[in-house]
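**Q** Structure below; questions to follow.
The values are calculated or read from the model by the stated rules, or taken from the named source; none is laboratory data. Please read all numbers here as calculations on a predicted model, not as lab measurements. All Cβ positions, glycine included, derive from the backbone under ideal geometry; neighbour counts span all protein chains shown.
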Amino acid sequence: MGLKIDLDLCTGCGACVAVCPFCALAQRADGKVEVNEACTACGACLDSCPVGALSLETESKPLAMGALDGYRGLWVFAEQRGGKIHEVSFELLGVGRVLADRLGVELCAVLLGHQAGDCAGPLFEHGADKVYQVDHPALENYTAEPYAEALSALIRKYKPEVVLAGATSLGRGFIPRVAVQVNAGLTADCTELDVEADSRLLIQTRPAFGGNIMACIVCPDHRPQMATVRPKVFKPAEPVAGRTGTRVVENLPLKEPGVKVLETVNAMQNEVNVAGAEFIVTGGRGLGAPENFKLMAELADALGGAAVGASRAAVDAGWISSFHQVGQTGKTVRPKIYIACGVSGQIQHLVGMNSSDTIIAINKDPDAPIFGVADVGIVGDLFQVVPELIKALRG
Amino acid sequence: MHIVVCAKQVPNTTQVRINPETNTLVREGVESIMNPFDENALEMALQLKERHPGTQVTVLTMGPPQAVDILKEAVGRGADEVMLLCDKAFAGSDTWATSYALSMAIGKLPKPDLVLFGKQAIDGDTAQVGPGVADWLGMPCITCACKIEIAGNRALVERAFEDGYEKLEVALPCALTVLKEANVPRMASLRGKMAAKKLQVAPTTAEMVGADPAKLGLSASPTRVMKIFSPPPKTGGVLWQGEEPAVMAQRLVDLLRERKLI
Amino acid sequence: MAELNYGLSELAVEIRGMVREFAVSRVKPVRAELDETGRFPAEILRELGKMDLMGLYIPAEYGGTFEGDSMPNIIAVEELSRICIGVSVSYAANGLGADPILIGGSEEQKKKYLPPLASGEKWAAYALTEPNAGSDAGSIRTTAVKKGDTYVLNGTKQWITNGGEADIYTVFAVTDKSRGARGVSAFIVEKGTPGFSFGKKENKLGIRASATRELIFEDCEVPAANLIGREGTGFIWAMKTFDVSRPGIAAQSVGLAQGALDEAVAYAKVREQFGKPIIANQGLSWMLADMATQVEAARALTYAVVKTIDSGAKDYSKFSAMCKVFASDVAMRVTTDAVQVFGGYGYMKEYPVEKMMRDAKILQIYEGTNQIQRDIIGMALNKEYAAAARR
Ligand SMILES: Cc1cc2nc3c(=O)[nH]c(=O)nc-3n(C[C@H](O)[C@H](O)[C@H](O)COP(=O)(O)OP(=O)(O)OC[C@H]3O[C@@H](n4cnc5c(N)ncnc54)[C@H](O)[C@@H]3O)c2cc1C
Ligand SMILES: Cc1cc2nc3c(=O)[nH]c(=O)nc-3n(C[C@H](O)[C@H](O)[C@H](O)COP(=O)(O)OP(=O)(O)OC[C@H]3O[C@@H](n4cnc5c(N)ncnc54)[C@H](O)[C@@H]3O)c2cc1C
Ligand SMILES: Cc1cc2nc3c(=O)[nH]c(=O)nc-3n(C[C@H](O)[C@H](O)[C@H](O)COP(=O)(O)OP(=O)(O)OC[C@H]3O[C@@H](n4cnc5c(N)ncnc54)[C@H](O)[C@@H]3O)c2cc1C
């Protein structure tokens, strides 16, 4: 079991040695490749072999014929806190609709809570054919154990083929427990989903290694096929006003939660710290006036909670506190996306942000040095481009 | 008190680069480190040990023989005991099988009051092992913890959400996954490092922890990696000009979506 | 980076790695703030203590890790200095304060005072200088008068590094005025002793993180058991301490100069003028070449002196003075040149080199000014050549 190297095929080119993230491959004296204990059978090397000498050997388990056939239906876990459905649930209903149609099954939502008001309505409007609802005091505040217990019980009873949940801190907190309880595979934080029509397999694509590689993952022998899905990747389903469906109210005997919520502090901070932020929207002198940082905040919000950064020129002008400054004298940042608006890109600014994964610059001067480091440069007036960008992000 | 910290050896993914020509991972020069979040989990344990004398900290890792390096690092910082779960039978485990194996190993240790995990491993990036182990052990698990206080046999824990945080109370034993914000991990002491150099760690096998072979490794893992590929390569910078702002904005958003950046 | 083979022990190499990582991760992020505010880096010293790095010069029997090799301590000072000498002097002053005890103290004194210093629980300071006794340290006026089984101290010490922060002070005072330098004795004085207080904290050009304060003794009674050695031996302990501590100043100098060189080369590679990086100009790269050469020469001399002392040499005052004077002059020149490499940016507080240049100046002043060092070297030469002529 594990990685197999066909030594007859191996030409000793060494291509696979360089790609192994775990240093598990090495060339022998004769140039052919061997694998050591560091191998995690991740499969990263398979495609690197030009002659197809590498394969993953798995013990083929006799498939209980038909055992998987009892599972039907695509479920979406509808995340709800304080009676408000999380946006990601509508996104899941959006992609779920497409997949469910391809599989020819119902699209269902699961709603857990206690006296949370009528949350099922919006789920129907966004495409759910059926909503499974559990109302129980143990589910009043989210804690992982009763949530997992409830969802597992529903899965055991109704046997869905696919279960999707948002890869939010709530979803990622309890879905892994469900996977253990129902003996299912779980793919984390997916950014792409597809189904293979004849095998009915859910093809789940997700980034790993800090986004450096993408993996396609399937669960051939277990049901349901479970995945958490990264928020904001899929477009939310278009609501159809007045659309309804079947409501299944389930009474479950749940255990008293072991974790007690003493206090919930909603600190929706507008001031996300730029250091360590995944997304940063930075304004420079081109903003022209302090109040225009509102535009930056709006863009940050449209990105789903980005931090707002600033050039020193903007800080020195007193438009924003030095807490936000990026660069030589400010913070050094390495976000996934850095959007510089009205920043010229002097070296003192660049040293603080030029290792960002993706840099986007908006500046009206086509010769601005910021374009030298930008992956995408937009030459234009930020007061025209940014509002359009916000619109496009929200749309 | 007995605290078990689960730690994973990972490649330092912040050093990983993609070769733009072959579009494959360039691993050269990438060091193996203790998963950064696990450093925070260990630090949380060591701080509890300072505050509650008599506390024992055991660090557990499942991995190849060279994963012993992170156990040595842990001893250098002040861990009391270590366990290296190492067996070919574990190779290729997904989070389901990893969680099972770790839970069996923990079952062999003195009964823990607290089991700590990092929020997630920076290579696999799933954040599933912590809650998974807790489930096998039948313990509550609080994910994304940034603060803990122990009073008697109860713990007061602060956990972060996307938009705020919660104060929670839980009876011990329990499991936590720990965030970066929780603390600043200490560095190993000189004496600790010296002790660690001498440390001999015999691998603990699947059989020694009484693990069911049918629940281990690649063949027991429900998930299968079908294919690994590099994300679409970064286009060398492009400059758009002279078009309608709305057109350029929409194209940008489409591009970001396509690259899975948002 | 390629390096010369200085035959460092495994321990010295280990310490270099530990302190280098520590300095970069813990000191670098705060050094500008420490410089700006003059805040004492207490948390940094505490962490160094937890890492067992405060007792590198103290033998194992007193809780440290010293086993005859001074290089680990020297390298720790060098690596901290590479990032901030305001921090490294606060660290090294502990050794300066403890050295008289190590050199002249009784077994009881060593057992009592060294272990908490080695663990970093307590900090030390060395108090010789007075308002009217700087280079001419033999002219100190603080007095110690025997009274029963105590000595009563009166007088003021000035510019004492770690003043107010340290718990244990070695204080030099006159027990017999008539005998000049031979009438000086050394005492261990604990913070909190009645009659012992602190004056103002100085506002300095550089090493602003370090605490430099007055110590004030007003009828301060110190147990007679805290006298180091016999009455009248104080000046010997003071001078012997300098002989072993001056290579530490040299190590600070080497580290600081290296830090300035690091910054200058990195900047010269990215700063572009006339369409190319400034390092591509021969005039500038030669400047960097001279800086690097001086740093390595200073390091080589410093390490050689330390190894000579460790080898059990008897007479090394000359060499200690040489490495101090040479390395500190190098540090001053190299930091000044680093500012030059940065141009106007180097003159701005946003970049670290102006601080380094300000910091460097102290190295030519404390633990004996560079004029005094040259005096020591000159006197030694005179003596050695006279002896050779006689033979
Ligand atoms: C020692 C030192 C340290 C420094 N440290 C830092 C630091 O840490 N961080 C930092 O940022 N800077 C730092 N600087 C300052 C740096 O050199 C630049 O002066 C500063 O970054 C410029 O800020 P800016 O790009 O916002 O302003 P400008 O250079 O004035 O650029 C404004 C840009 O906005 C564009 N613009 C104007 N209106 C519009 C519009 N309507 N739509 C689109 N674009 C528009 C213009 O074309 C121009 O490119 C430092 C300088 C020194 C000397
Ligand atoms: C590209 C790729 C994608 C993958 N995707 C999935 C997937 O979607 N679903 C899936 O089930 N598996 C997946 N795997 C397998 C998974 O990475 C392994 O099971 C791995 O051993 C644990 O998962 P993780 O690295 O994500 O850890 P996480 O669950 O992110 O780790 C959380 C914490 O658990 C503890 N921990 C994790 N592993 C160990 C260990 N070996 N020893 C001690 N403590 C540990 C640490 O405290 C860690 O901080 C994938 C593997 C690869 C290579
Ligand atoms: C930041 C700081 C920290 C200090 N820390 C300590 C400490 O921890 N403990 C302590 O005891 N002291 C400490 N000192 C004191 C320091 O050691 C003295 O400042 C130093 O010995 C010089 O004495 P002075 O300042 O009185 O200069 P002076 O002796 O007044 O000298 C003034 C100038 O005259 C020159 N000069 C003097 N005599 C001669 C000569 N014979 N030949 C040629 N030139 C001569 C000197 O070189 C100097 O250039 C510290 C000083 C400073 C500034």
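**Q** Tell me which residues, restricted to segment A:307-363, are polar (S, T, N, Q) and under 17 Å from A:Leu287 (Cβ atoms).
**A** Quick first cut of segment A:307-363, residues polar (S, T, N, Q) only: A:311, A:321-322, A:325, A:328-329, A:332, A:344, A:346, A:348, A:354-356, A:358, A:363.
Answer for segment A:307-363, where residues must be polar (S, T, N, Q) and under 17 Å from A:Leu287 (Cβ atoms): A:Ser311, A:Ser321, A:Ser322, A:Gln325, A:Ser344, A:Gln346, A:Asn363.
**Q** Further question on the same structure: Residues in segment A:261-269: is at least one closer than 30 Å to A:Glu388 by Cβ, within 7 Å of chain B (Cβ to nearest Cβ) and either away from ligand 3 (no atom under 16 Å from the Cβ) or in contact with a Pro (Cβ under 8 Å, 6 or more places away or on another chain) (or both)? If you could, list the steps in order and put the result at the bottom.
**A** Looking only at segment A:261-269, we keep the residues that are closer than 30 Å to A:Glu388 by Cβ, and these are A:268-269.
Next cut, within 7 Å of chain B (Cβ to nearest Cβ) only: A:268.
Subset that is either away from ligand 3 (no atom under 16 Å from the Cβ) or in contact with a Pro (Cβ under 8 Å, 6 or more places away or on another chain) (or both): A:268.
So far as segment A:261-269 goes, yes, one or more of its residues are closer than 30 Å to A:Glu388 by Cβ, within 7 Å of chain B (Cβ to nearest Cβ) and either away from ligand 3 (no atom under 16 Å from the Cβ) or in contact with a Pro (Cβ under 8 Å, 6 or more places away or on another chain) (or both).
**Q** Also: Of all residues being assigned to a loop (DSSP other than H, G, I, E, B), in contact (Cβ under 8 Å) with a residue 60 or more places away in the chain and more than 11 Å from every other protein chain (Cβ to nearest Cβ) in segment A:324-344, which is farthest from ligand 2 (Cβ to nearest atom)? Just the residue, please.
**A** A:Ser344
**Q** Another one. Just to be sure I understand, how many residues within segment A:1-14 are in contact with a Lys or Arg (Cβ under 9 Å, 6 or more places away or on another chain), away from chain B (no Cβ under 14 Å) and in a loop (DSSP other than H, G, I, E, B)?
**A** 4
**Q** Here's another thing I want to ask about it. Quick one: in segment B:102-130, of everything that is more than 10 Å from chain A (Cβ to nearest Cβ) and under 15 Å from the mean Cα position of the chain (by Cα), which residue is farthest from ligand 3 (Cβ to nearest atom)? I'd like the intermediate steps shown before the answer.
**A** Residues of segment B:102-130 more than 10 Å from chain A (Cβ to nearest Cβ): B:102, B:104-118.
Applying the additional criterion that residues be under 15 Å from the mean Cα position of the chain (by Cα) yields B:102, B:115-118.
Numbers: B:Leu102: 54, B:Val115: 50, B:Leu116: 44, B:Phe117: 48, B:Gly118: 44 Å.
Across segment B:102-130, the extreme among qualifying residues is B:Leu102.
**Q** Sticking with this structure for a sec: Out of C:Val334, C:Val339, C:Val330, C:Val325, report the one residue that is in the same structural domain as C:Tyr267 (by TED's automatic domain parsing) and within 16 Å of ligand 1 (Cβ to nearest atom). Quick ask: steps written out before the conclusion?
**A** On the way: C:Val334 fails: within 16 Å of ligand 1 (Cβ to nearest atom); C:Val330 fails: within 16 Å of ligand 1 (Cβ to nearest atom); C:Val325 fails: within 16 Å of ligand 1 (Cβ to nearest atom).
After applying the criteria, what remains is C:Val339.
For every residue, the table says whether it meets (1) out of contact with any His (no Cβ under 8 Å at 6 or more places or on another chain); (2) more than 23 Å from B:Asp254 (Cβ to Cβ).
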{"residue": "A:Met296", "(1), (2)": "yes, no"}
{"residue": "A:Leu299", "(1), (2)": "yes, no"}
{"residue": "A:Gly305", "(1), (2)": "yes, no"}
{"residue": "A:Ser311", "(1), (2)": "no, yes"}
{"residue": "A:Ile339", "(1), (2)": "yes, no"}
{"residue": "A:Ser344", "(1), (2)": "yes, yes"}
{"residue": "A:Ile347", "(1), (2)": "yes, yes"}
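**Q** Looking only at residues that are in contact with a Phe, Trp or Tyr (Cβ under 7 Å, 6 or more places away or on another chain) and farther than 19 Å from C:Val222 by Cα in segment C:122-146, which one is farthest from ligand 1 (Cβ to nearest atom)?
**A** Looking at the filtered set, the residue picked out is C:Gly138.
**Q** Turning to a different aspect of this structure: Can you name every residue in segment A:15-34 that is within 14 Å of another protein chain (Cβ to nearest Cβ) and crowded, with 16+ Cβ neighbours inside 10 Å?
**A** A:Ala15, A:Cys16, A:Val17, A:Ala18, A:Val19, A:Cys20, A:Pro21, A:Phe22, A:Cys23, A:Ala24, A:Leu25
**Q** Which residue out of C:Ile101, C:Ile85 is at pLDDT 95 or above, over 20 Å from C:Ser210 (Cα atoms) and buried (at least 24 other Cβ atoms within 10 Å of the Cβ)? Let's see the steps before the verdict.
**A** Details: C:Ile85 fails: over 20 Å from C:Ser210 (Cα atoms).
So the residue among C:Ile101, C:Ile85 that is at pLDDT 95 or above, over 20 Å from C:Ser210 (Cα atoms) and buried (at least 24 other Cβ atoms within 10 Å of the Cβ) is C:Ile101.
**Q** Moving to a separate point now. Check whether at least one residue in segment B:88-97 is assigned to a loop (DSSP other than H, G, I, E, B) and more than 13 Å from ligand 2 (Cβ to nearest atom), and report yes or no.
**A** If we filter segment B:88-97 for residues that are assigned to a loop (DSSP other than H, G, I, E, B), which is where we start, we get B:91-94.
Now restrict to residues that are more than 13 Å from ligand 2 (Cβ to nearest atom): none.
Among the residues of segment B:88-97, not one is assigned to a loop (DSSP other than H, G, I, E, B) and more than 13 Å from ligand 2 (Cβ to nearest atom), which makes the answer no.
**Q** OK, next. Which one is nearest to the other protein chains (Cβ to nearest Cβ) among residues in segment B:159-182 that are buried (at least 19 other Cβ atoms within 10 Å of the Cβ) and under 16 Å from B:Glu43 (Cβ atoms)?
**A** By that ranking, first place goes to B:Thr177.
**Q** Counting only residues that are surrounded by fewer than 20 Cβ atoms within 10 Å (Cβ to Cβ) and more than 7 Å from chain B (Cβ to nearest Cβ), which one in segment A:222-237 is farthest from ligand 1 (Cβ to nearest atom)?
**A** The extreme case among them is A:Pro236.
**Q** For A:Leu151, indicate whether it is more than 10 Å from every other protein chain (Cβ to nearest Cβ), more than 16 Å from the chain's Cα centre (by Cα) and outside any loop (DSSP other than H, G, I, E, B). Write out each step before concluding.
**A** Details: more than 10 Å from every other protein chain (Cβ to nearest Cβ): yes; more than 16 Å from the chain's Cα centre (by Cα): yes; outside any loop (DSSP other than H, G, I, E, B): yes.
Taking the combined requirement at face value, the residue satisfies it.
**Q** When A:Val248 is evaluated against the numbered criteria (1) under 20 Å from the mean Cα position of the chain (by Cα); (2) more than 7 Å from every other protein chain (Cβ to nearest Cβ); (3) not in a loop (DSSP other than H, G, I, E, B), which criterion, by number, is the only one it fails?
**A** (1)
**Q** Just to check your reading of the model, which residue among B:Leu239, B:Leu199 is loosely packed, with under 15 Cβ neighbours inside 10 Å and within 30 Å of A:Ala275 (Cα to Cα)? Lay out the reasoning, then the answer.
**A** Working: B:Leu199 fails: within 30 Å of A:Ala275 (Cα to Cα).
Of B:Leu239, B:Leu199, the one residue that is loosely packed, with under 15 Cβ neighbours inside 10 Å and within 30 Å of A:Ala275 (Cα to Cα) is B:Leu239.
**Q** Does A:Thr358 satisfy being out of contact with any Phe, Trp or Tyr (no Cβ under 8 Å at 6 or more places or on another chain) and of a type in the set (Ser, Thr, Tyr)? Give the derivation first.
**A** On the way: out of contact with any Phe, Trp or Tyr (no Cβ under 8 Å at 6 or more places or on another chain): no; of a type in the set (Ser, Thr, Tyr): yes.
Against the criterion (out of contact with any Phe, Trp or Tyr (no Cβ under 8 Å at 6 or more places or on another chain) and of a type in the set (Ser, Thr, Tyr)), A:Thr358 does not qualify.
**Q** Find the strands (runs of 3 or more DSSP E) located wholly in segment B:113-172 whose residues include 3 or more that are touching a Lys or Arg at 6+ places or on another chain (Cβ under 8 Å), and list them.
**A** B:141-151, B:154-161, B:164-171
**Q** Determine which member of the set A:Ile362, A:Ile347 is within 12 Å of ligand 1 (Cβ to nearest atom), more than 13 Å from chain C (Cβ to nearest Cβ) and on the phi < 0 side of the Ramachandran plot.
**A** Working: A:Ile347 fails: more than 13 Å from chain C (Cβ to nearest Cβ).
Checking each option against the conditions leaves just A:Ile362.
**Q** Listed residues C:Gly163, C:Gly134, C:Gly155; which is closer than 30 Å to C:Tyr62 by Cα and of a type outside the set (A, V, I, L, M)? Please lay out each step first, then the result.
**A** Details: C:Gly134 fails: closer than 30 Å to C:Tyr62 by Cα; C:Gly155 fails: closer than 30 Å to C:Tyr62 by Cα.
Only one candidate qualifies: C:Gly163.
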